[in-house]
Each structure stands twice: as C-alpha cells, then as structure tokens.
1. Name every residue in region 127-162 that is in contact with a His (Cβ under 8 Å, 6 or more places away or on another chain) and among the acidic types (Asp, Glu), in order of residue number.
2. Among the residues that make up region 90-100, is at least one of them modelled with pLDDT of 95 or more, within 14 Å of ALA123 (Cα to Cα) and either in contact with a Lys or Arg (Cβ under 8 Å, 6 or more places away or on another chain) or of a type in the set (Ser, Thr, Tyr) (or both)?
3. Of everything in region 231-245, what is surrounded by fewer than 21 Cβ atoms within 10 Å (Cβ to Cβ) and either polar (S, T, N, Q) or touching a Leu at 6+ places or on another chain (Cβ under 7 Å) (or both)? Give them in sequence order.
4. Hey, could you check region 165-201 for residues that are at pLDDT below 85 and charged (D, E, K, R) and say which is nearest to PRO218 (Cα to Cα)?
5. Looking at the structure I just gave you, is ARG50 surrounded by fewer than 22 Cβ atoms within 10 Å (Cβ to Cβ), among the charged types (D, E, K, R) and over 19 Å from the mean Cα position of the chain (by Cα)?
6. Just the residues that are surrounded by fewer than 17 Cβ atoms within 10 Å (Cβ to Cβ) and touching a residue at least 60 places away in the same chain (Cβ under 8 Å), please, taken from region 255-297.
7. Can you report the number of residues in region 96-108 which are without any contact (Cβ under 8 Å) to a residue 60 or more places away in the chain and assigned to a strand (DSSP E or B)?
8. So which residues in region 245-279 are farther than 20 Å from PRO198 by Cβ, of a type outside the set (A, V, I, L, M, F, W, C) and part of a strand (DSSP E or B), if there are any at all?
Amino acid sequence: MLIETSGRTALARVEGLGDLSHASAVFSRDGRHAFVFGRDGGLTKVDLLRARIERRVIQAGNAIGGAISQDGRLVAVANYTPGGIRIFDSATLEPLSEVPTGSKVVGIADAPGNRFVFSLFEAGEIWVVDATDPRKPDVLKVKGIGKQPYDGFITPNGRHYIAGLYGEDGLALVDLWNPQAGARRILDGYGRGEEPLPVYKMPHLRGWAVAGRYIFLPAIGRHEVLVVDSVTWKEAARIPVHGQPVFAVAQPGGRRVWVNFAFPRNDVVQIIDVADMKIVQQLKPGRAVLHLEFTPRGEQAWISSRDDDAVVVYDTGTFAETARLRAAKPSGIFLASRAAMTGF
C-alpha cells in the first residue's frame, strides 16, 4: 500500500510482490522507486509514481533484506537460502556478482564508499564488501565476533556497525574507519546471573535508535531497553519496559524513543524521554504492533497493527490518534523521505 503523509491517505495498492511476511524495502536516490526484498527470494523494483511493478526477479530461495549503495547504482540482497549476497544494477536489475558465505546473512546495511556490511548468523562473523567494482567485489572478513549475530545497523554518521548477538549477552562493534582492527565487544554479559525469558520474536536493530550521543537497543530475553553511550561505548542506562522490546526507534530530533514489543504483550507502544531516561507515555494502537516509523521532521508516528488490519497515525506532540487506515495485515512501514511517501 502506498500512502502520502501530508493528508494521511492511501494512494494505491501494488499487487504481485510475493511473500512479504518479513519484507523490507529501500529507495532510489530520487525517492521514485522502491526495491522490495521478499521471503520468496524476490527482488522487486516498484515505480511509486505509477504505483506498479517495473521489474521483478526471483534471485534466491529466501531473502531477508537488502541495501542500496551510497551512489544509488547498486542493490544488494541478503539471503537466508542459500546464504550470501547478490549485487544487482539498480536501473535494470541485471545481476552483477555474488558473494557466497555458506551462512545465513542478516543485518545488511550500506556504508560509505559503496560498501555493504552484514553479519553471518551461523558463522559468527561480520563481512565488509567493497563494491567499487561491482563485478569483482572485495571482501574483508571480521571473525570471532560472538554467537549468532541476528541483526545489525550502522550509526547515522556511517562509521560504526553494531551487530546484536542472539547466542550470548552482548553486541559486536566494528569501526568502519578501521575494520581490519576487528570487532569490539560492548555490553558484554548484560544479563549475567539472570535466567533469560523465552524469546517469542527476534528483536531488531534497524530503525535508527540513535538519539544524540545515546543508542537505544532491545535486550534479548529481558523486559529492558539498553542504552549505550556512543562516545565511550559503555552502558549508560537500562530502562524497564512493558515487555520484550522488538524495535526501539528514535523520533527525529532525538528527544524521544518509541518502543514496541513481542508477543504476548504486543498491543502496546511505550515512549521514552531521552533526557530523563524513563517512560513518559503508553499507547495501545491495536493488536500485534509490528513496526513504527516517523515522518522526516517527526511530527507524525505511523504504527502498523497487523491483527486489527490497521495503520494508526499519532501526533507526536500530543500523542493523539489522528488517523486510522484500513490495511490487510500490515507489517513493515518504510518511509521514502524525499518522496514524502510511506509503503507497508
């Protein structure tokens, strides 16, 4: 579904994108095209102005996400099956190269210098791929980062890549100015001495949970949001929350962080005030809140409620609900800021 955020209305639907049960999307530099990565291994280029599929290829058995290069010329797809990434020309979707890994790829992100960075779930590694020559990409492997990296993200300045670890308490940090130095462990043993709770949904690190000097991260198997100081890379705070957090997303401007939760407490969104490091508001948008996103200047929050077949819009100043749009089992919300459009 294509949405415009000025009037908070639905513009169109685009059918035929395959299995979108864990889909994600990135956008062309001009905001006209969306590249959608589906669980059926499909890579689909959607023309947002014409609301139609421009090109579609089935490039693997199971894709988990993707990224677009700094110059916008390349699209990389991260694959669960058979693993590895594949790099395509963003204009034509011509396949240019493949980087096999022998492991599920998670947490792919674009980095300065037309690089792609991602984690290997089974292998416990972070790879940095320089696609300056997209037909012969150069690969740097950072090994021994920890057990089962499940997702990753790059800080907004493009310097640091952080991978969460599902198999142990901690995160792996790579300085992309000097990736040859390897990974640094941060928040090591944050749950030490306590039995973790069952994990019903894997948390996510995407969503730019960076507010000023602080990074807000969901804790595996705990009802906490962890706060890291991005200057010292040490724990700055722990914030008790309603359930096991899935997304922690910073509102533009960095004053607040919005958090949603895993089953069975997934009908709630809590809002953290960064200055006070505490919960200041709780909302109930609907059943099975899966994702949330903000308009570019942060005046609106868009939240998907899968089991209520609705996308709910809030005024971030007053926390008042301003719109509720009908949508068939909405999941991810992706904002193309230059085009002022949202797709889910």
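The values are calculated or read from the model by the stated rules, or taken from the named source; none is laboratory data. Small disclaimer: the values here were computed from a predicted structure and weren't measured. In this analysis, Cβ positions are derived from the backbone assuming ideal geometry, glycine residues included, and neighbour counts consider all displayed protein chains.
1. Here is the first cut: in region 127-162, the residues in contact with a His (Cβ under 8 Å, 6 or more places away or on another chain) are 151, 154.
ASP151, the sole residue that qualifies.
2. no
3. THR232, TRP233, GLU235, ARG238
4. Step by step, filter region 165-201, then rank; the result is LYS201.
5. Values: surrounded by fewer than 22 Cβ atoms within 10 Å (Cβ to Cβ): yes; among the charged types (D, E, K, R): yes; over 19 Å from the mean Cα position of the chain (by Cα): yes.
Considered against the rule, which asks whether it is surrounded by fewer than 22 Cβ atoms within 10 Å (Cβ to Cβ), among the charged types (D, E, K, R) and over 19 Å from the mean Cα position of the chain (by Cα), ARG50 comes out as yes.
6. Hits for region 255-297 are PHE263, PRO264.
7. 7
8. Matches in region 245-279: ARG256, GLN270, ASP273, LYS278.
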